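Below is one structure, written out as C-alpha cells; comments come after it.
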Amino acid sequence: MANTLPPSSLTAARAGLDQKKFSCRELTQAYLDRIQKDNGRLHALLAVYGDDALAHADQLDRRKKFAHPLAGIPMVLKDIFLAAGTKTTAGSKILENYTATYDGTVVEKLKQQDSILLGKSNMDEFACGSSTEHSAFGPTKNPWDATRVPGGSSGGSAAAVAAGMSCFAMGSDTGGSIRQPASLCGIVGLKPTYGRVSRYGLMAMASSLDQIGPFTRTVEDTAIVLRAIAGLDPKDSTTSPQPVPDYAAALRKSIKGLRIGVPKEYFSDSTAGLEDGVRKSFSAALKILETLGAKIVTDISLPHTDYALAAYYVIMPAELSANLARYDGIRYGLSRREAPTLIAQYAETRGAGFGAEIRRRIMLGTYALSAGYYDAYYKKALAVRTLVRQDFEQAFKKVDCLVTPTSPTVAFKIGAKADDPLSMYLADVYTVAGNVAGVPGLSLPVGLAEPPEGGVKLPVGLQLIGKPFDEETILRAGHHLEQAVKFSCDPKL
Ligand code: GLN
C-alpha cells in the first residue's frame, strides 16, 4: 500500500488486513503519511505517536491472526480521554503539562482489542464549544474548506476522520459535540444512550449529560466500534447492565414499515436559522427513506423543544462549574501562581489557566447554583428536563425513531460566531435535547449544500434519534439511508 491512500472505511481496512492485502504497518503508515501531509494545515491532532503506533503495528504483524474486529485498526482519541502516559490537555492551558496516569475504560477496551493509537485530537477547551475555536492550542480547520470550522467540541476527531488521518476516532458529546462536528465534516457520528458507554477516565464536563461515542466514515463502522466500547462498568455507576447487541448484524434487516417521526418543532418554516440548503438535503433524504419503505410521520410534536436549549445552558454550566473546581493549580496541571492568600492563589491560577468561554460558564454555573438562585434556575431547569424527557416518551409511543437535521447550518467561517456566544450556542439547537433526555442520536451525511454566502459545497448531516438503548434501530435506518444516498466522504485535499 506504499504511497497510497488509506482504505475508505474501517470495514475495508479490516478486510484488507484479514486478506493480507496489506500489513498492519503499511496501514498505519498510510494514515501517518496523511497526518504528515495535512495536519500542519488542518491542526486536527495535538499529539501524534508515530513510533509507538508503528511498533504496535509490527507486533501485530508478527501474530498469525487478528483476534478482534478492531485489531490493527488505527484510531485517535479526543484529548479529553485519559490514556496512561499521554499528555491529556482537554484543550486547556490549565492542563498543558498534565500526563494521564491511567487508562479510562473505553481506552482500556480499545487497547485490549489492539486498536492502534495514532494520536490525540484537538477540541474546544473542556469540550465547551461548537467550533473547536475555543481550544487553547489554536483552531482546527474543516477539511472540506480550511477557512471554515469543523464544528465542535470534538472538531479534531471529526476532521481527522474526514481527512483520512485516522480510520476512526473517539469523541464525547454533552450537547452535540459528536453529532454536530460529524455533520459539518461529512462523516458519521453517534452519541449513544446515556449509560450505554462507560465514562470512567473521560474528563467530566457535565456529568449528567456526557456520553462517549465514535466518529467513522460509515454507519456499519460505527456499529462495530459501539459494540467494542459499550457495556456495564463497575467504575461508572451510570452504566447499564443491558446486554450489548451485535449492532452490525442488526443492520441487515430492511426498514420497510419503520415509523420515522419528524418533530414539527424541529422543521417548521419558522425554525430560526435553518439554512435553505440544509432544508433541501433533509427533505430529499426524507423522500429516500420513504422509497425504502419507511413511513414518515409528520404530526409528531416535542412541545418543550424550545426550552431544551435554555435548560441545557443552566444544567451544563452548573455541573461544569462543579467539575472544574478540581483544577486549582495545586493538584493538577499549571503550576500555581504565587499570591498572598490561598483564595488569591486559586483565582490567579484559574484566571491564567482557563480561557474566556470557560470562565464565562463557571460564572454562570456558580451563579445558578448559589443560595437564593438555585430554585429559580437550577431546579427549574431540572423540571424542564423532565418535561423534555416526557416529550420523547410520548413521541416514541407513536414512532420507532425520529429524524431531524443535525445542525441548522453547514460549516461556518472561522471567526463568524467566535465573539457571539448565543449564536454559537444555537448551533446545538437540534442536538441538545437528546442529551437532556438521555436518548441516542446518530448523524450521517446526506448531501452537499452551498453555504448562504456562496463557495464550495459542504456536507449536510441528518440526525436519527432513538428510544433509550435502541441504537440498533437508528443504526439500521441510517445504514439503509446511507446505502441509498451514496455520499462520498472524501473532501478534496
Ligand atoms: N456545543 C455545546 C456546548 O458548548 C456542546 C458541547 C459538547 O457536547 N461537549 O456546550
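The values are calculated or read from the model by the stated rules, or taken from the named source; none is laboratory data. As the structure is a prediction and not an experimental result, all values here were calculated from the model. Positions of Cβ are generated from backbone atoms using ideal geometry, with glycine treated the same way; all protein chains shown enter the neighbour counts. Each accessible area value is taken on the protein alone, full model and side chains, heavy atoms only, with ligands, DNA and RNA left out. Shrake-Rupley method; radii C 1.70, N 1.55, O 1.52, S 1.80 Å.
Take VAL314 and tell me if it is within 26 Å of the chain's Cα centre (by Cα) and not in a helix (DSSP H, G or I). Against the criterion (within 26 Å of the chain's Cα centre (by Cα) and not in a helix (DSSP H, G or I)), VAL314 does not qualify.
Here's the yes/no breakdown for (1) under 30 Å from LEU464 (Cα atoms); (2) in contact with a helix residue (DSSP H, G or I) (Cβ under 8 Å, 6 or more places away or on another chain):
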position: GLU290; (1), (2): yes, no
position: THR298; (1), (2): yes, yes
position: GLY365; (1), (2): no, yes
position: VAL388; (1), (2): yes, yes
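In the range 131-154, the residue that is surrounded by the most Cβ atoms within 10 Å (Cβ to Cβ) out of those that are more than 16 Å from the ligand (Cβ to nearest atom) and in a loop (DSSP other than H, G, I, E, B) is PRO143. With respect to TYR332, is the statement that it is more than 16 Å from the ligand (Cβ to nearest atom), touching a helix residue (DSSP H, G or I) at 6+ places or on another chain (Cβ under 9 Å), open to solvent by 40 Å² or more (accessible area, probe 1.4 Å) and touching a residue at least 24 places away in the same chain (Cβ under 8 Å) true? For TYR332, the condition - more than 16 Å from the ligand (Cβ to nearest atom), touching a helix residue (DSSP H, G or I) at 6+ places or on another chain (Cβ under 9 Å), open to solvent by 40 Å² or more (accessible area, probe 1.4 Å) and touching a residue at least 24 places away in the same chain (Cβ under 8 Å) - is met. Here ALA228 does not qualify as more than 16 Å from the ligand (Cβ to nearest atom), surrounded by fewer than 24 Cβ atoms within 10 Å (Cβ to Cβ), farther than 20 Å from GLU108 by Cβ and not charged (D, E, K, R).
Is it the case that THR305 is modelled with pLDDT under 90 and either at positive phi or surrounded by 19 or more Cβ atoms within 10 Å (Cβ to Cβ) (or both)?
yes
Selection of the range 70-107 for residues being open to solvent by 70 Å² or more (accessible area, probe 1.4 Å) and in contact (Cβ under 8 Å) with a residue 40 or more places away in the chain yields LYS87, LYS93, ASN97, TYR102. Can PHE392 be described as surrounded by fewer than 21 Cβ atoms within 10 Å (Cβ to Cβ), assigned to a helix (DSSP H, G or I) and away from the ligand (no atom under 15 Å from the Cβ)? For PHE392, the condition - surrounded by fewer than 21 Cβ atoms within 10 Å (Cβ to Cβ), assigned to a helix (DSSP H, G or I) and away from the ligand (no atom under 15 Å from the Cβ) - is not met.
Any idea how many residues of the range 16-51 are crowded, with 21+ Cβ neighbours inside 10 Å and on the phi > 0 side of the Ramachandran plot? Looking only at that region, the number is 1. Among the residues of the range 101-124, those identified as part of a helix (DSSP H, G or I) and either more than 24 Å from ARG331 (Cα to Cα) or of a type in the set (Lys, Arg) (or both) are VAL106, GLU108, LYS109, LEU110, LYS111, GLN112. Going residue by residue through the range 280-294, is there one that turns out to be surrounded by fewer than 19 Cβ atoms within 10 Å (Cβ to Cβ) and part of a loop (DSSP other than H, G, I, E, B)? Among the residues of the range 280-294, at least one is surrounded by fewer than 19 Cβ atoms within 10 Å (Cβ to Cβ) and part of a loop (DSSP other than H, G, I, E, B), which makes the answer yes. Applying the set (1) part of a loop (DSSP other than H, G, I, E, B); (2) surrounded by fewer than 22 Cβ atoms within 10 Å (Cβ to Cβ) to LEU54 leaves exactly one unmet item: (1).
So that you can scan it fast, the table gives a plain yes or no per residue for (1) within 15 Å of the ligand (Cβ to nearest atom); (2) under 14 Å from LEU475 (Cβ atoms):
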site	(1), (2)
MET165	no, no
GLY201	no, no
MET205	yes, no
VAL219	no, yes
THR222	no, yes
LEU251	no, yes
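Residues in the range 430-451 that are within 14 Å of the ligand (Cβ to nearest atom) and touching a Leu at 6+ places or on another chain (Cβ under 6 Å): VAL432, ASN435.
When you look at ARG360, is it more than 19 Å from LEU202 (Cα to Cα) and modelled with pLDDT of 95 or more, yes or no?
Here the answer is yes, as ARG360 does meet what is asked.
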